[in-house]
Each structure stands twice: as C-alpha cells, then as structure tokens.
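The values are calculated or read from the model by the stated rules, or taken from the named source; none is laboratory data. Computed from a prediction, not measured in an experiment: that's the story for all the values here. Positions of Cβ are generated from backbone atoms using ideal geometry, with glycine treated the same way; all protein chains shown enter the neighbour counts. These accessible areas exclude ligands, DNA and RNA; they are computed on the full protein's heavy atoms, side chains included. Shrake-Rupley method; radii C 1.70, N 1.55, O 1.52, S 1.80 Å.
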Amino acid sequence: MAHKKLTLAQKTCPTCKRDFAWRKKWQRDWDNVIYCSERCKRSKNEELTR
C-alpha cells in the first residue's frame, strides 16, 4: 500500500508572499516559523525598506 500525504498546515511567507507547508524539521517550533527559507529570513530587512 502506498503512503498518502496528509494535508499539511500552511503559512504564507511575508517576504516572498508564497505559501509553504509544514516540514518535519519544524515539528517542535512550527508556531514560531515565519519565513519559508533562510534566504527570505536574511532578506527580511530589504523587504521593509522597499
């Protein structure tokens, strides 16, 4: 029997405005995850100055 993906929680990244889904590495800290990637996290200051 094949494994079916469950519907995963999603959030929208404030930097790139894309949706991103829950990942196992964020399992303990999902409530505090804001950005979809390190790249977006690093460029958050650029977004504020635009």
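Points to keep in mind about this one:
- Pair list, Cβ under 9 Å, 6 or more apart: segment 20-41 residue at negative phi, other residue part of a helix (DSSP H, G or I) and surrounded by fewer than 10 Cβ atoms within 10 Å (Cβ to Cβ): 26/32
Matching residues to (1) open to solvent by less than 100 Å² (accessible area, probe 1.4 Å); (2) at pLDDT 95 or above; (3) within 13 Å of the chain's Cα centre (by Cα):
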| residue | (1), (2), (3) |
| --- | --- |
| 2 | yes, no, no |
| 6 | no, no, no |
| 13 | yes, yes, yes |
| 18 | no, yes, yes |
| 22 | yes, no, yes |
| 27 | no, no, yes |
| 35 | yes, yes, yes |
| 43 | yes, no, no |
| 48 | no, no, no |
